[in-house]
Amino acid sequence: MAHQKTKHFQESHTNKQETNEDSTESSLDSTSSEEVIQEQDVSNEAELTADTESIDTLKNAYKDLEERYMRVYADFENVKKRLERDKNQALEYAYERIAKDLLPILDALESAKEAAKEHNAILEGITHTKDNFLKVLQRHGVEEIATNGEFDPNLHECIMQVSKPEAENGQIAQVLQKGYTYKERTLRPAMVAVVKND
């Protein structure tokens, strides 16, 4: 009987130990689950922070690339406009050199007119030729520079100064060689004598 009590006590004690162990294990399992959850939370927060940082980095990189693109595009547009302007200007003034080379022919016709004053038929032919030639040049933008008025350094070249009491200082007294413009550019300035009264 005493043996049975002892055996019963041992079984009871063993059962209590097992229960204690089970509760300890359960407690440990619960603690380790909380730690795992906390670690996962920390890990998730770290990942979120890393993701946020990488998004910010990408946003900054995108902004930088966008600004660079805008600068390059603006440069491209400026170059395009400049090339277009240069092309138009080149086309507009393409005949300038030819027009300049034709001016001595006008001078020769003008001299021939002076020499043929005594021969009416020849004078008429030269005058007609010069007028037609000048009309063709005018159709292409060549104009004779006006010389009736004040001296303009942009259009006239002063070869000499002369005294002329009836005229004011700075007035053009005489034309030595006619000048011409081509589409508002001076092809050749008119060579003139300018009034200078002492």
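Things to note:
- Inter-label distance, nm, simple model (7 Å from Cα along the C-beta direction), Leu91/Ala50: 6.1 nm
- Neighbour cut-off at most 10 other Cβ (10 Å), DSSP loop, chymotrypsin sites (Phe, Trp or Tyr not before Pro), region 127-198: none
- Each of Val79 and Asn60 was given a label point 7 Å from its Cα along the Cα-to-Cβ line. The distance between the two points is 3.0 nm.
- Once all protein chains are placed together, Glu67 keeps about 90 Å² accessible to a 1.4 angstrom probe.
- Where Arg82, Arg188 fall by accessible area, highest first, once all protein chains stay in place (1.4 Å): Arg82, Arg188
- In nm, spacing of pseudo-spin labels at Glu144 and Asn120 (7 Å Cα→C-beta vector): 2.3 nm
- Highest mean packing comes first when the peptides 107-116, 83-92 are listed by Cβ atoms within 10 Å, giving 107-116, 83-92.
- When Tyr69, Tyr93 are compared by accessible area of protein heavy atoms, the largest-first order is Tyr69, Tyr93, using a 1.4 Å probe.
- Oblate is the label for region 82-198. Its Cα gyration tensor axes, ordered a ≥ b ≥ c, give a/c of at least 1.5 and b/c at or above a/b.
The values are calculated or read from the model by the stated rules, or taken from the named source; none is laboratory data. If you're wondering where the values come from, they're calculated on a predicted model, not measured in any experiment. Ideal geometry is used to build each Cβ from the backbone, glycine not excepted, and the neighbour counts take in all protein chains shown. Surface accessibility is based on the protein's heavy atoms, side chains included, excluding ligands, DNA and RNA. Shrake-Rupley method; radii C 1.70, N 1.55, O 1.52, S 1.80 Å.
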